[in-house]
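Written below as structure tokens is the structure these notes are about.
The values are calculated or read from the model by the stated rules, or taken from the named source; none is laboratory data. All values reported here derive from a predicted model rather than from experimental measurement. Cβ atoms come from the backbone with ideal geometry, glycine included; neighbour counts cover every protein chain shown. These accessible areas exclude ligands, DNA and RNA; they are computed on the full protein's heavy atoms, side chains included. Shrake-Rupley method; radii C 1.70, N 1.55, O 1.52, S 1.80 Å.
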Amino acid sequence: MSDTPERYGSLSRWFHWGMAILIVWQFMKIGDLIDEGEHWVGRTLVPWHISIGLLIFILGILRVFWAIKQYPHRPQLSGPLAPLARIGHFLLYLVMLLLPVLGIFYMIGKGYGLKVFGLQLVEKSETGIAWMASVGSLHAPVAVLFLLLVVGHICAALYHHFILRDDTLKRMTR
């Protein structure tokens, strides 16, 4: 279950791949832009966007605590691009945790309330909260940044696997 200097443990791998699936699901929200969301993606996956976002936030916090606990044991980044990889990982974690907060701010700020997995956590409001709506409006541009970070992360993993032919990708898959 724990990480070792040679590979990530089962819990780290579960966090990585489980959250990757949820994050790809979140990116399906772009389906709202196609035909005003009137298609199978818009009707089946997109309605879960807020609930999945909160789930990612909770899992993300747990993942950060696990990563901190495992840091002395896990594979260490090395080579000339290691500082860039550290910055990239830090930004991935930061944006992964920031997006749900911005989404919540947007929903509450606009007066939409907050309903998660069918449970109304914050009631709708006629007035909303202007400063929360303003800060929450950063959700969409930050989501684009997150998409770029995820694509960069995938490209880096594929570069390690196919070009450098090292065990970087295997550490997270076996």
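By how many degrees, between 0 and 90 and to the nearest 10, does the Cα long axis of helix 10-27 differ from the longest principal axis of the chain?
With both axes taken from Cα atoms, the answer is about 40 degrees.
Roughly speaking, what is the centre-to-centre gap between region 102-143 and region 1-16 when only Cα atoms are used, to the nearest Å?
Here the answer is 35 Å between Cα centres.
Which residue, Phe15, Tyr112, Ala143, has the largest displacement toward the positive end of the dipole of the chain when charges sit on each Cβ (Lys, Arg +1; Asp, Glu -1)?
Ranked along the dipole, the leading option is Phe15.
Please sort 93-100, 104-111 by packing, taking for each peptide the average over its residues of neighbouring beta carbons within 10 angstrom, highest first.
104-111, 93-100
Under a 1.4 Å probe, what is the accessible area of the chain per residue, stated in Å²?
For the chain, the solvent-accessible area averages 64 Å² per residue.
Need one number: the % of Cα-Cα pairs in the chain sitting beyond the 27 Å mark.
The share of Cα pairs beyond 27 Å in the chain comes to 34 percent.
Sort 121-134, 18-31 for me by packing, meaning the mean count of neighbouring Cβ atoms within 10 Å per residue, highest on top.
So the order, starting with the most tightly packed, is 18-31, 121-134.
Evaluated at 4 °C with a viscosity of 1.567 mPa s, what Stokes-Einstein diffusion coefficient in µm²/s does region 11-98 have when Rh comes from the Kirkwood expression over alpha-carbon pairs?
Using the Kirkwood radius from Cα pairs, D works out to 88 µm²/s.
Taking Cα pairs under 8 Å and at least six residues apart, what relative contact order does the chain come out at, in percent?
Dividing the mean separation by the residue count of the chain yields 21 percent.
Percent relative contact order of region 1-96, based on C-alpha pairs within less than 8 angstrom and at least six residues apart?
In percent, rounded to a whole number, it is 36.
What figure in square angstrom, to the nearest 10, would you give for the accessible area of Asp167 with a 1.4 Å probe?
Spelled out: Asp167, probe radius 1.4 Å, area about 80 Å².
What FRET efficiency comes out for Ile58 versus Val142 if R0 is 25 angstrom and r is the Cβ-Cβ distance? Round to the nearest 0.05.
That gives a FRET efficiency of 0.85.
Roughly how many percent of the accessible protein surface of region 1-116 is carbon and sulfur, given a 1.4 Å probe and a whole-percent answer?
Looking at region 1-116 in its full context, I get 74 percent from C and S.
Show that you can apply the helix-only estimate: for the chain, add -39,500 (n - 2.57) for every DSSP H stretch of four or more residues, divide by all residues, and state [θ] at 222 nm to the nearest 500.
Rounded to the nearest 500, the figure is -19000 deg cm²/dmol.
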